[in-house]
């Protein structure tokens, strides 16, 4: 498996116990030692769990975070994301800012993006996507 980073939807599936996602995550960790996620994904998942007051899932999430790696957002990554966002807007393609930030982080770090949202992300040039839930 190539070096990768989880998108928010796949991390949510992991926390919900999706067997295919868990099996792929286990295989990835055996090869790489830890799983990457962006600070944007961390924020999105944490925000959702706090909003739902999902204490059990929050504890599972915090344990997952402690064993893995959060990739911060740098100025260079933000610039890559801004270029992506501007190029897509010029083509009339609307993608949320958090998704372009996630893509910018993955591209800058030369990581595949693990996502179930393949139709959405395939419009981003230079981004390699893989789906662990299929």
In whole angstrom, the spacing between the Cα centers of region 112-127 and region 55-100 equals 12
Calculated from DSSP helices alone, with each H run of at least 4 adding -39500 (n - 2.57) and the total divided by the residues of the chain, [θ]222 nm to the nearest 500 comes to -19000 deg cm²/dmol
Expected max-MSF residue from 38, 12, 66 in the GNM of the chain (alpha carbon, under 10 Å) is 66
Restricted to region 4-130, the DSSP antiparallel beta bridge percent, nearest 5, is 0
Quick calc: nm separation of the 7 Å Cα→Cβ label points for residue 53 and residue 75 -> 4.3
Connecting every pair of Cα atoms under 10 Å apart in the chain and solving the GNM, the largest mean-square fluctuation among 42, 51, 28 falls on 51
The computed P(r) of region 4-130 puts the percent of Cα pairs beyond 27 Å at 17
Semi-axes (Å, rounded, descending) of the ellipsoid equivalent to region 32-84 per its C-alpha gyration tensor are 24, 16, 6
Between residue 134 and residue 67, Cβ-based FRET efficiency (R0 25 Å, step 0.05) works out to 0.50
GNM of the chain, Cα pairs under 10 angstrom: of 109, 117, 47, the biggest fluctuation goes to 47
Relative contact order as a percentage, the chain, C-alpha pairs under 8 Å and 6+ apart, gives 32
With bins of 10 Å, the percent of all Cα-Cα pairs of region 1-58 per bin from 0 is 23, 51, 24, 2
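Quick note: the coordinates plus some simple rules give every number you see, no bench work behind them. All figures in this text were calculated on a predicted structure; none of them were measured in a lab. Positions of Cβ are backbone-derived with ideal geometry, glycine not excepted, and every protein chain shown enters the neighbour counts.
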